[in-house]
């Protein structure tokens, strides 16, 4: 139970660009590699449409429900390291599922603070960690979607193992257009 009380019914598609994270670093380690996924002949393809900081990803496999998700990646200036990935998808029941991939090396017990603008803030629990990073998963809590559509930016705050706080910025530039396109493509 990371974001909302009911976590059934919708899970964003796994990001095809997950990579290894560096444990034990005082700075947030990369949560994923930004190398493009390899095309798989004969299999479903993923199309991408960029909306400023957000990307709409849709599968050509029409049996995949939901077929589309929106993704935000926080990368290094040279685009070679991904520090955080946020993906969102809508279920047939109009629920919005969220998944946030974060680097290893932070205090899981302290939770993750998510804030948008000056008015919305929530604490989320880490759902699980892998050798690549930690995931916060669940339904978008009440008020968050409203904040995402109205604010210009946000941040994720995590307490590193050394005790210092790391703040990961979130740009909401293009969020409204990407979200609207996802809803339109998901029927």
Looking only at the stretch 47-67, which residues are within 17 Å of the chain's Cα centre (by Cα) and buried (at least 16 other Cβ atoms within 10 Å of the Cβ)? 49, 51, 53, 54, 55, 56, 57, 58, 66, 67
Looking for whichever is within 14 Å of the chain's Cα centre (by Cα), modelled with pLDDT of 90 or more and over 19 Å from residue 186 (Cβ atoms) here; the options are 101, 110. Which one fits? 101
Would it be correct to say that residue 92 is over 25 Å from residue 65 (Cα atoms), over 14 Å from the mean Cα position of the chain (by Cα) and in a loop (DSSP other than H, G, I, E, B)? no
The stretch 127-147 residues that are on the phi > 0 side of the Ramachandran plot and touching a residue at least 40 places away in the same chain (Cβ under 8 Å), paired with ones that are part of a strand (DSSP E or B) and buried (at least 21 other Cβ atoms within 10 Å of the Cβ) (beta carbon under 6 Å, 6 or more apart): 133/101; 133/102
Does residue 159 fit the bill of being farther than 27 Å from residue 91 by Cα, in contact with a strand residue (DSSP E or B) (Cβ under 8 Å, 6 or more places away or on another chain) and modelled with pLDDT of 95 or more? yes
I need a count of the residues in the stretch 141-160 that are buried (at least 17 other Cβ atoms within 10 Å of the Cβ) and either under 17 Å from residue 102 (Cα atoms) or more than 14 Å from the chain's Cα centre (by Cα) (or both). 9
What strands (runs of 3 or more DSSP E), lying completely within the stretch 118-179, carry at least 3 residues that are under 26 Å from residue 76 (Cβ atoms)? 134-139, 153-159, 165-171
Taking only the stretch 53-69 into account, find how many residues are assigned to a loop (DSSP other than H, G, I, E, B) and either more than 16 Å from residue 82 (Cβ to Cβ) or out of contact with any strand residue (DSSP E or B) (no Cβ under 6 Å at 6 or more places or on another chain) (or both). 8
Any chance the stretch 68-89 includes a residue that's more than 17 Å from the chain's Cα centre (by Cα) and surrounded by 17 or more Cβ atoms within 10 Å (Cβ to Cβ)? no
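The values are calculated or read from the model by the stated rules, or taken from the named source; none is laboratory data. On a predicted model such as this, the values are computed, not experimentally measured, just so you know. A quick note on method: Cβ atoms are made from the backbone with ideal geometry, for glycine too, and the neighbour counts reach across all protein chains shown.
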